[in-house]
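K.L.:
Just passing along the structure, written as structure tokens.
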Amino acid sequence: MTTLHDCLRLDALDPLAPLRAHFSLPPGVIYLDGNSLGVLPAATAARVAQVVTQEWGTDLIKSWNSAGWFDLPQRLGNQIAPLIGAGQGEVVATDSTSVNLFKVLTAALNMAAADAPQRKLVVSERSNFPTDLYIAESLCRQHGFTLQLVEPEEIATALTSQVAVLMLTHVNYRTGAMHDMPAVTQAAHEAGALMLWDLAHSAGAVPVDLTAAKADFAVGCGYKYLNGGPGAPAFVWVNTAHAERFWQPLAGWWGHATPFEFTPDYRPAPGVTRYLCGTQPMISLAALECGLDVFDAAGRIVPNQSAMQTLRQKSLALTDLFIELVEQRCAGHGLGLATPREHAQRGSQVCLSKSEGAYAIVQALIARGVIGDYRAGNGAQHPDILRFGFTPLYLGYEDVWNAVDQLQQVLESEEWRRPEFNQKHAVT
Ligand SMILES: *Cc1c(COP(=O)(O)O)cnc(C)c1O
């Protein structure tokens, strides 16, 4: 039996504990929703104020050069690269995840149409995040492809000679289940398909090595585990083998080889710059940089391993502890574990299924300062879910203890049945 005393001891021994000081967490809050909106880094407010008052307010248009605005998407891409196993000069921070997915999937469909015109299927997972499926459905309709949705265990058999692209989210947003990226990518390639990964719940959460996996395309999110702020720019990566063939469907002037020659024809810039479309949001990019700087700090703590390896060890310890404590202390209340126990199959979140009251339990927890979220089920195979994200940058073992303690109290008191906890808000 793990005790509160054990948790306090683990915190005292945790080399990553000082990273919490890099964030402004409101007092009295245990934040288990960093998988949906990361917390505010301590440096962000002052940095954004500096961009607004100094770089914009005082230096005005000169800042495109003097403050390094113009190449900030590429510089932030280089900061993201080590978190996802990409090389320098291979990633840019830009646009939203949905828009970046539109760009890379369009490019993938164009490449497939040129190289293997008989392949007319895009395969994805039925429980993928809806925006990914909507973008894919729309592009398939425009380009004469068909979107085929399967369950995770059906992916292998779905990889036929008809498949042009396999498009998956590495860590499932609902369950926290993680795909074996190298194995799935290899299977896609053996079947002759291109492999596109969405890293929305992976970047900054679990180690990713796109290069070793030989993936073709990847996109990911800036406002979840990267703590870039609401609606932060996302990122996009293309395997260097395809970089010159990657034709930007949103061919704007920021992706042009010589934007300030103002030529009437489009010539894509070499390399990653062509993934950009138009003028980039500098205030938002500056905020994202503050989130990324914390990963650099994490990388300096344990010098002989990557930041993500160090963070992963703690993330698994936190999620293991949460599962263990929930099973010890909340048994008999009808909670199920929707997240795989197997480390290799688990992202950085734990999801509990509950047939009745999942939404209200989350609301009651939020009222007690434990912030997780709720995701509606759809059918018997996908029950309602209480979702808890664990960000090792700012969470400790005592936080896990206290969160489960509150969950136990909410369940035993049945306070979640109160009407105020059962009123649905627009954002769940
Ligand atoms: C969060 C998330 C997104 C978000 O896309 P936006 O364009 O930022 O709204 C997309 N895909 C997945 C898998 C996500 O988890």
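FYI, it's all coordinate maths here, none of it is from the lab. Values in this document were obtained by computation on a predicted structure and should not be read as measured data. Positions of Cβ are generated from backbone atoms using ideal geometry, with glycine treated the same way; all protein chains shown enter the neighbour counts.
K.L.:
Over the Cα atoms of the range 48-292, Rg to Rh with Kirkwood Rh, two decimal places?
P.N.:
So for the range 48-292, dividing Rg by the Kirkwood Rh gives 0.98.
K.L.:
Using modelled amide H (1.01 Å from N, peptide plane; none on Pro or chain starts), what sits under 5 Å from the amide H of HIS256, excluding residues fewer than 5 places away?
P.N.:
Here the answer is ALA269, since their amide H atoms fall under 5 Å of that of HIS256.
K.L.:
Return the equivalent ellipsoid semi-axes of the range 213-282 as a descending list in whole Å, where each equals the square root of 5 times an eigenvalue of the C-alpha gyration tensor.
P.N.:
24, 18, 7
K.L.:
By average Cβ neighbour count within 10 Å, what is the ranking of 269-278, 226-235, 150-159 from highest down?
P.N.:
Answer by packing, highest mean first, reads 226-235, 269-278, 150-159.
K.L.:
Convert each backbone phi in the range 53-59 into a coupling constant with the Karplus relation 6.51 cos²θ - 1.76 cosθ + 1.60 (shift: θ = phi - 60°), then list the ³J(HN,Hα) values in order as whole Hz, x for Gly and Pro.
P.N.:
Working through the residues one at a time gives 7, 8, 5, 8, x, 9, 7 Hz.
K.L.:
Also, I was wondering about something else. When the Cα centres of the range 159-221 and the range 23-68 are compared, how far apart do they sit, in Å?
P.N.:
31 Å
K.L.:
I've got another one for you. Quick one: what are the phi-derived ³J(HN,Hα) couplings along the range 349-355, Karplus 6.51/-1.76/1.60 with θ = phi - 60°, whole Hz, x for glycine and proline?
P.N.:
Result, rounded to whole Hz: 9, 10, 10, 10, 9, 7, 6.
K.L.:
Quick one: angle between helix 282-301 and the longest Cα principal axis of the chain, in degrees between 0 and 90, rounded to 10, please.
P.N.:
On a 0 to 90 degree scale, this one is about 60.
K.L.:
Would you mind checking which residues have amide H under 5 Å from PHE129's amide H? H placed 1.01 Å from N; only 5 or more apart, or other chain.
P.N.:
Counting only residues 5 or more places away or on other chains, the set is TYR173.
K.L.:
Sticking with this structure for a sec: Using modelled amide H (1.01 Å from N, peptide plane; none on Pro or chain starts), what sits under 5 Å from the amide H of GLY220, excluding residues fewer than 5 places away?
P.N.:
Hits under the 5 Å cutoff: LEU199, PHE235.
K.L.:
Just to check I understand the Karplus step: with θ = phi - 60° and J = 6.51 cos²θ - 1.76 cosθ + 1.60, what whole-Hz values come out for the range 116-126, glycine and proline as x?
P.N.:
Working through the residues one at a time gives 8, x, 6, 7, 10, 10, 10, 9, 8, 9, 4 Hz.
K.L.:
Compute the acute angle (0 to 90°) between the alpha-carbon long axis of helix 307-329 and the principal axis of greatest extent of the alpha-carbon atoms of the chain; round to the nearest 10°.
P.N.:
Here the helix axis deviates by roughly 30 degrees.
K.L.:
If contacts are Cα pairs under 8 angstrom and at least 6 residues apart, what is the relative contact order of the chain in percent?
P.N.:
21 percent
K.L.:
Write out the trypsin sites (Lys or Arg not before Pro) in the range 193-256 meeting two conditions: DSSP loop, and at most 13 other Cβ atoms within 10 Å of their Cβ.
P.N.:
Within the range 193-256, the qualifying trypsin sites (Lys or Arg not before Pro) (loop, at most 13 other Cβ atoms within 10 Å) are ARG245.
K.L.:
So what's the angle, to the nearest 10 degrees on a 0 to 90 scale, between helix 397-413 and the longest Cα principal axis of the chain?
P.N.:
With both axes taken from Cα atoms, the answer is about 60 degrees.
K.L.:
Another question, if that's okay. Is there a quick way to get the dipole size of the range 48-292? I mean about its Cα centre, with the Cβ of Lys and Arg at +1 and of Asp and Glu at -1; what is the value in debye to the nearest 20?
P.N.:
Dipole size: approximately 280 debye.
K.L.:
Right, here's the next one. If you take the Cα atoms of the chain, find Rg, then find the Kirkwood Rh from the mean of 1/r over all pairs, what is Rg/Rh?
P.N.:
Rg/Rh for the chain comes to 0.98.
K.L.:
A follow-up question, please. So, by mean Cβ neighbours within 10 angstrom, what's the order for 179-192, 33-46 with the highest one leading?
P.N.:
Descending mean neighbour count gives 33-46, 179-192.
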